Structures are given as C-alpha cells and as structure tokens.
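*Asks:* Below is the structure I would like to discuss, written out as structure tokens.
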Amino acid sequence: MENNKYPENYFEHYIVSFPGIGHAPNEAGFEKLAKLYIDIEGIDEFFNLIKEIQIVKENNDWSYFESIAEDFDIEGLDAGKLKELANIAINVFNNISESQNFSKETL
C-alpha cells in the first residue's frame, strides 16, 4: 500500500543511507547526512526528498518507515528519531533556500 504513496522511495533511500556516514542518530549525524546527500544527489533531488517527507508527515507514516529501518537492520531509528531526521532535513533545506534567495537578491 505505501509503495503507491512513495513510488520514488526518496525517504527510504535517505534512511538506508544513514548508517553509511558513521554517525550516531542525533542532530549532528542527521545534519551531516543532509549535507552529504545534497553534495552527492544535488539540491533538486534533496527538494524531491523534502516533498516526500511532507507527504510522510501528512500521512503520519512513521511506523511504515520505522519498519523499513528495522528491515535494513538500522539501529536507533525509531519513529521519534525518524521524525527528528525528517525535521532536520527540512531545516537544512530551508536554510539553504533562504541563503540562496538572499544571495540572488544581493547580486
């Protein structure tokens, strides 16, 4: 059922990427993941991730993604931590968007 809601699997890919950065599931680790994801995937893909996160929030599908983290044996990413992971991604995106808008205005 959820696969129809998230056909691109942005958030799933994001979650599965987390263990590879070698950080604890905390604010610093989540910020590191967001910045690394942008460096590797680009800002447009990060924007697609953010759009999907918004849908996850609206649907309150945290338990679905918690089960994905469990399926991939990713420790420490329960529903609460996934919400934190998502919110930090949104904050990083908003900060980048604001700074890019600001720099465009000053040119």
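Every number here is computed from the coordinates shown, using simple stated rules; none is lab data. Just so you know, these numbers come straight off a predicted model, no measurement behind them. Here the Cβ positions follow ideal geometry from the backbone for every residue, glycine too, while neighbour counts run over all protein chains shown.
*Asks:* How big is the dipole moment of the chain about its Cα centre under a simple scheme where the beta carbon of each Lys and Arg is +1, that of each Asp and Glu is -1, and everything else is neutral? Debye, nearest 20, please.
*Replies:* For this selection, approximately 340 debye.
*Asks:* Projecting each Cα onto the charge dipole of the chain (Lys/Arg +1, Asp/Glu -1 at the beta carbon, about the Cα centre), which of Asn94, Leu36, Tyr6 comes out farthest on the positive side?
*Replies:* Asn94
*Asks:* Report D for the chain in µm² per second (integer): Stokes-Einstein, Kirkwood Rh on Cα pairs, 37 °C, 0.692 mPa s.
*Replies:* Translational D for this selection: 231 µm²/s.
*Asks:* Based on the Cβ-Cβ distance of Phe47 and Asp78, what FRET efficiency does E = 1/(1 + (r/R0)^6) give at R0 = 25 Å, to the nearest 0.05?
*Replies:* Step by step, r from the Cβ atoms, then E = 0.40.
*Asks:* Under 19 Å between alpha carbons, and skipping anything fewer than 8 positions from Lys57 in its own chain: which lysines qualify?
*Replies:* Lys5, Lys81, Lys83
*Asks:* Hey, rough spin-label estimate for Lys57 and Asp71, points 7 angstrom out along Cα→Cβ, what's it come to in nanometres?
*Replies:* If labels sit at Lys57 and Asp71, their model points lie 2.4 nm apart.
*Asks:* What does the charge add up to near Lys83, with Lys and Arg as +1, Asp and Glu as -1, over the other residues with Cβ less than 14 Å from its Cβ?
*Replies:* Local net charge: -4.
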